[in-house]
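Some notes on the structure that comes next.
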Amino acid sequence: GMGALVGQVSPTAAGQLYAEARQSLAGGVTAGLRWHPYLGRPFYATRAEGPYLYDLEGKRYLDFNMANGAVLLGHGHPAVNRAVQLGLAAGILTASETEHHVSLATTLCRVIPCAERVRFAVTGTEANLVAVRLARHVTGRRKLLTFAGHFHGLAEPFLFRAAEGTGSDVPVPASGGVPDTYGQDLVIVPWNDPDAFDRALARHRGEVAAVICEPVHYNAGCIPPLPGFLAHLRQRTQEEGIVLIFDEVLSGFRMALGGAQEFYGVTPDLCTLAKALASGLPLAAICGRADLMEHLSPAGPVAHSGTYTGQLLGVLAARATLEALESPGVYVELGRRAARFYDEAQSIFDRAGIPARIQGLGARFGLYFGRREPVVTWAEAVASDEALHRRFVLGCLKRGLYFHAYLGLPGHAGFSLAHDDDCLDHALNVIETVARELAR
Ligand code: PLP
């Protein structure tokens, strides 16, 4: 088992494994963003438990990545593990409809404000593609309006960045192999800027099928919507007959059971969920108004199916996850721990004289170095001092706090319900030590 593996490795085990990986895995990794830019290799884990992650040498880390946000209950939550074991015992892994699918969909319709109908998918990316396809069909329009830096998955319609300094407002591909023609159907505007949004709608009047956003911009760390901004999007899209899609892949369940739409009291037409929904099993969902959702096949002409869609282990894990999240007081407690952690970490940086801003909502946060003022735009998030961020992350890793970093993107981080007050106190102590080191 893993114990034997942990016992055998040498001090350079990660370096050796990475050298070996590069002989078989493209780029030495199984996902581009799993390469840790500050380590110069991926972090290799052997196991995880609750708030902890263990490396090849058996060293324990308090995890502030939590599977990119996929695990909100804590690693290896007993109820999730039991649910997965029941699924294995049933012998059905995928491609069968079961009563569990119906039960999970019923629960989502109860707890997610926009959900009158649900369709399951495998990944957040797939769910967003389906939501956009649906919007294009029901409106008969082509264009998609997104916000700078909002992440909706590595698929063609989303793999663009706003053209800057080119005199053109046609977005440019953010990946090789993406035809720039896709960019003609895409409008990218700054987040939290209602005037820029209105101007873009006026420029593309009658052409926009959908507006898609992260209702809390967690892929920029954590940029909440400014007061009234989501309501503005809701009102303007309604007036223009545009489908409003909240990509709640990361914000879902993070600060309220019903996600950002419940927290801010703004209900989109469609939303997508993944990550925390199934505690790390691959499961996503498209939720929304019945009159839109019923255009999906077989009831309507909009294609959506797949061998692994609604695979049973994910469905069972999601049922167990929602049951745990529905226990009384979960979100009050989560909010209390989050507020305390963010406040105390901010005071630590301030006392140490380190220019840093920690900004969080619910279980996820952004850490911005080189500034103390609130971050409200993507431009401010990416302008963060990378050298200081690097020293911070490496100082934390050395002392057993795991922070991931994404190549070329602002750092984002999060904790879980398994991070109790003792864990957070320990993390704050480490952060204090690292902050003092940075100040020297
Ligand atoms: N949307 C958001 C907001 C995300 O954070 C992610 C994360 O990866 C995705 C979509 C893509 O989801 P997935 O990685 O499951 O395809």
If r is the Cβ-Cβ distance from ALA299 to THR12 and R0 is 51 Å, what FRET efficiency results, to the nearest 0.05? 0.35
Using a simple spin-label model with points 7 Å from Cα along the Cα→Cβ vector, what separation in nm is obtained for ASP195 and GLU239? 1.6
If the chain between ALA31 and GLU207 were fully extended at 0.36 nm per residue, the gain over the current Cα-Cα distance would be 59.9 nm
Roughly what would the spin-label model give for LEU394 and ASN429, points 7 Å off Cα along C-beta, in nm? 2.5
Please list the radius of gyration and Dmax for the stretch 328-410, considering alpha-carbon atoms only, with Å as the unit. 13.5, 43
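Assuming a viscosity of 1.002 mPa s and a temperature of 20 °C, what translational diffusion coefficient in µm² per second does Stokes-Einstein assign to the stretch 239-303, Rh being the Kirkwood radius over Cα pairs?
168
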If you project the alpha carbons of the stretch 78-325 onto the principal axes, what extent comes out on each, in Å, largest first? 60, 36, 33
Cross-link reach list, lysines versus LYS59, counting only Cα pairs under 28 Å and skipping chain neighbours closer than eight places: LYS275, LYS398
What are the ³J(HN,Hα) couplings of the stretch 391-400, residue after residue, when phi is run through the Karplus curve with 6.51, -1.76, 1.60 and θ = phi - 60°? Round to Hz, x for glycine and proline. 5, 5, 4, 5, x, 5, 4, 4, 9, x
Quick check on the stretch 172-267: take the gyration tensor over C-alpha atoms, sort the square-rooted eigenvalues as a ≥ b ≥ c, and tell me if it's rounded (a/c under 1.5), prolate or oblate. oblate
How long are the three semi-axes of the equivalent ellipsoid for the stretch 1-155, computed from the Cα gyration tensor as the root of 5 times each eigenvalue, in whole Å, largest first? 36, 24, 15
For the GLU344, TYR44 Cβ pair and Förster radius 25 Å, calculated FRET efficiency rounded to 0.05 is 0.20
Counting Lys +1, Arg +1, Asp -1, Glu -1, what net charge surrounds CYS271 among other residues with beta carbon under 9 Å of its beta carbon? -3
Dipole magnitude of the chain about its Cα centre (Cβ charges: Lys, Arg +1; Asp, Glu -1), debye to nearest 20: 580
Can you give the Kirkwood hydrodynamic radius for the stretch 32-75, in Å, rounded to one decimal and based on Cα pairs? 11.0
Taking 1 over the mean of 1/r across every pair of different Cα atoms in the chain, what Kirkwood radius in Å do you get? 22.6
Add +1 for every Lys or Arg and -1 for every Asp or Glu among the other residues with Cβ under 12 Å from the Cβ of ALA220, and state the total. -1
What FRET efficiency, computed as 1/(1 + (r/R0)^6) with R0 = 35 Å and r the Cβ-Cβ distance, is obtained for ALA89 and ARG436, rounded to the nearest 0.05? 0.10
Full-extension gain in nm, THR106 to LEU226, via 0.36 nm per residue minus C-alpha separation: 40.0 nm
Sorted from largest down, what three extents in whole angstroms do the Cα atoms of the stretch 183-236 have along their principal axes? 31, 24, 16
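Return the calculated 222 nm mean residue ellipticity for the chain, to the nearest 500 deg cm²/dmol, obtained by summing -39500 (n - 2.57) across DSSP H runs with n ≥ 4 and dividing by the residue count.
Dividing the helical sum by the residues of the chain leaves -11500 deg cm²/dmol.
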At a 10 angstrom cut-off on C-beta neighbours, averaged per residue, how do the peptides 44-50, 211-217, 316-322, 431-437 rank from highest to lowest? 211-217, 316-322, 431-437, 44-50
Would you please report the Å³ per residue occupied by the convex hull of the alpha carbon atoms in the stretch 264-381? 167
Length-normalised contact order of the chain in % [C-alpha pairs under 8 Å, at least 6 apart]: 22
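Here, each number is a calculation from the coordinates, and none is a lab measurement. It should be emphasised that the depicted structure is a prediction, and the values quoted were computed from it without experimental measurement. A quick note on method: Cβ atoms are made from the backbone with ideal geometry, for glycine too, and the neighbour counts reach across all protein chains shown.
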